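**Student:** One structure follows; several queries about it will come next.
The values are calculated or read from the model by the stated rules, or taken from the named source; none is laboratory data. Since the structure is predicted, the reported quantities are computational estimates derived from the model, not experimental observations. Cβ coordinates were reconstructed from backbone atoms using ideal geometry, including for glycine residues, and neighbour counts include every protein chain displayed.
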Amino acid sequence: MLRKHPWLVPLLFITLLFYLNFVARILLSPLAPVMEMELGYSHAGTGSLFLLTSLGYFCGLFASGVISSRWTFTQTIQLSVSGFGLCLICIAFSRNYWQIGVLITILGFMAGLYLPAGMAKLTELIPSAHWGMGLAVHELGPNFALFLVPLQVEILLRFFDWHQVLLFQGILALGIVAAYRFYAGQGGSRGVAPQLSTLQDFFRQKNFWKLVLLFGLGVGSTLGIYSMLPVYFIDQGIERGLGNSMLSASRTLSIPVVLLGGWLTDRIGVRRSLTIVLTTGGLLTVLIGVLQGYWLFVPVFLQPLFTVCFFPPVFKALALSVPAELRNQAVAYTVPFGFLLGAGVTPLALGMLGDAGLFQLAFIALGCLMAAGSLMTRELGEQ
């Protein structure tokens, strides 16, 4: 197997690094209840940390093109993992909210360096005939992170405090990237720095901003809600361990279901797929704000099964909206803005409304916005 496909080992190595990247960005979510209690900050404070992570990530995605035009893709990946690993270690020794805020912004920046370089490295290593399989394996990284992190945190918190959990994860990241450097070296190709003029051309496109808003809704419905559910569970009187276990269980079927989303898009088209996902996902998000007690776990489990299907049709819509030669740049510009809205602004808004005693209303409002977002799909082309 390895003789026939020698790229499998480097693919698994890079997928592991992507997993660590995602873990670093979501680790504060299941840790939020104990961190809020010890440091005394609010739900809005938790949401602000995710906004700062997203701001850093936003800048890192753009900076990655500049850095990888001077360093190799391999070196950029190693810089990214080393950087967020060191940030996790520094956060572990932080004693106040402001230190964490500065460090989490830097962590987001270092994590943002990975994705453009990682995707380019994959296409460099893997023959084009196997790109589909390679990218599918690579996407296992974040999906496994969403499933495993709440369980990992809950097990570690039984023996250690949150400082030690972060320290462990930071040391693990540094150890694995050191092994990757020993295995892969520092050679390979370099990238091309992004052009400001191209970005300005995209800004003038109506569909660009429509897709940014749609992508923001999609990320908000998945990662934005995921980030704030642990503190929402506490507000609803659900014990932390049970809440984190349910958060993990709600992601168990995401991996096979996302394949269904791709199949559905090919069968019924972009508009219908997005309409089904946004309206059904929106309704289930409303139910997260309406139901209480153990009934709350029903929409928490079902909602990701629909919202995870958002990404295949929206990426297809993005590809259909621009000429073929601009598709890679369209993704590079749309994803950062959408991620900033969905993984940054959404958790902050949920946290602020939570502090005002309107946590349930916040989820209801987000669900309504998702359902209303389906109206934006009317002008998206199918050809």
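**Student:** Of the conditions (1) under 18 Å from residue 14 (Cα atoms); (2) not in a helix (DSSP H, G or I), residue 70 clears all except one; give me its number.
**Tutor:** It fails just one condition, (1).
**Student:** Quick check, is residue 69 surrounded by fewer than 21 Cβ atoms within 10 Å (Cβ to Cβ), in the same structural domain as residue 120 (by TED's automatic domain parsing) and not charged (D, E, K, R)?
**Tutor:** Answer is yes for this residue.
**Student:** Before we move on, is residue 281 at pLDDT 85 or above and more than 22 Å from the chain's Cα centre (by Cα)?
**Tutor:** In short, no.
**Student:** Quick one: is residue 84 aromatic (Phe, Trp, Tyr), part of a helix (DSSP H, G or I), within 12 Å of residue 17 (Cα to Cα) and under 19 Å from the mean Cα position of the chain (by Cα)?
**Tutor:** Yes.
**Student:** Given the residues 45, 56, which is the only one that is assigned to a helix (DSSP H, G or I), among the small types (Gly, Ala, Ser) and buried (at least 22 other Cβ atoms within 10 Å of the Cβ)?
**Tutor:** 56
**Student:** Right, here's the next one. Hey, any hits in segment 134-153 for a residue that's without any contact (Cβ under 8 Å) to a residue 60 or more places away in the chain and under 22 Å from residue 340 (Cα atoms)?
**Tutor:** Looking for residues that are without any contact (Cβ under 8 Å) to a residue 60 or more places away in the chain and under 22 Å from residue 340 (Cα atoms), one finds none in segment 134-153, hence no.
**Student:** Which condition does residue 102 not pass, out of (1) modelled with pLDDT under 95; (2) out of contact with any Gly (no Cβ under 9 Å at 6 or more places or on another chain); (3) in a helix (DSSP H, G or I), if it passes all the others?
**Tutor:** So residue 102 meets the others, but not (1).
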